[in-house]
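The values are calculated or read from the model by the stated rules, or taken from the named source; none is laboratory data. As the structure is a computational prediction, the values presented were derived from the model and not from experiment. Ideal geometry is used to build each Cβ from the backbone, glycine not excepted, and the neighbour counts take in all protein chains shown. Please note that ligands, DNA and RNA were not included when accessible areas were found on the heavy atoms of the full protein model with its side chains. Shrake-Rupley method; radii C 1.70, N 1.55, O 1.52, S 1.80 Å.
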Amino acid sequence: MAAAGAATDGPATVFFDFRGTVAAEVESEMKEELARLFRDSPRQFSFRRLQEASELGPLPDLAVLRIEGDCRMPPAWPAMDERGPFAWTHISGGTVLSFGAVDCERLRGAVATALWGGDRARGNQMLGRALARVAAHELLHIFTGSKRHGRGLARPGLTAAELVAPKGAFTLQELHAMDGPPALAKENE
């Protein structure tokens with residue numbers, strides 16, 4: 001595995017280990033939003049399911065995000081106030097590891113609080129967008145090797161409304177930090 005913050009010639013591979021049910025629309029939207037969020041990054045990405053890992057052989061630059069819980073938005077999901085972290089990156093001895101996790105059920109409860117009118121009919125799409133943004137935040141930690149936070153999607157806390165808003169982005173500084181030493185704005189450990 002390449003050192004955090006050091007890009008390789010090929011794309012970095014991100015494996016998603018779904019530990020529950022995921023709607024096809026959620027997964028599709030998540031991958032599309034991740035591609036959009038990292039479009040201007042000097043590091044390119046390939047997003048795959050963990051089950052595909054054995055087919056690919058050795059990979060020099062990878063990350064694994066475990067997605068826990070049910071990743072589907074029922075049409076009549078009751079809104080719940082879900083506070084606390086939606087995701088986390090594993091750290092050992094002060095070093096950011098290439099592994100993280102997302103609590104999809106907590107995220108789903110928060111997303112439900114931000115859906116109104118026609119958005120409720122597109123619940124799986126909105127959950128996929130939110131899942132992508134939470135995953136992208138953790139991938140920024142993984143690929144910069146930093147626990148630091150910044151602005152935009154790199155902030156330490158994002159609201160459900162921000163996670164489903166039509167636009168969300170990293171700053172160019174945050175994206176370019178993945179190609180070299182960490183350069184994020186604010187330490188928040």
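Restricting attention to segment 88-113, the residues that are touching a Gly at 6+ places or on another chain (Cβ under 6 Å) and open to solvent by less than 30 Å² (accessible area, probe 1.4 Å) total 3. For the condition over 12 Å from the mean Cα position of the chain (by Cα) and either farther than 25 Å from D70 by Cβ or aliphatic (A, V, I, L, M) (or both), L37 does not qualify. Restricting the first member to segment 150-179 and to residues that are on the phi < 0 side of the Ramachandran plot, and the second to residues that are part of a loop (DSSP other than H, G, I, E, B) and acidic (D, E), the beta-carbon pairs closer than 7 Å and six or more apart or on different chains are L172/D40; L175/D40. May I ask you to verify whether T95 is hydroxyl-bearing (S, T, Y) and within 25 Å of F47 (Cα to Cα)? The answer is yes for T95. Inclusion of I142 among residues that are outside any helix (DSSP H, G or I) and touching a residue at least 40 places away in the same chain (Cβ under 8 Å) is not warranted. Screening W116 with (1) open to solvent by 70 Å² or more (accessible area, probe 1.4 Å); (2) of a type in the set (F, W, Y); (3) under 27 Å from G10 (Cα atoms) gives one miss only, at (3).
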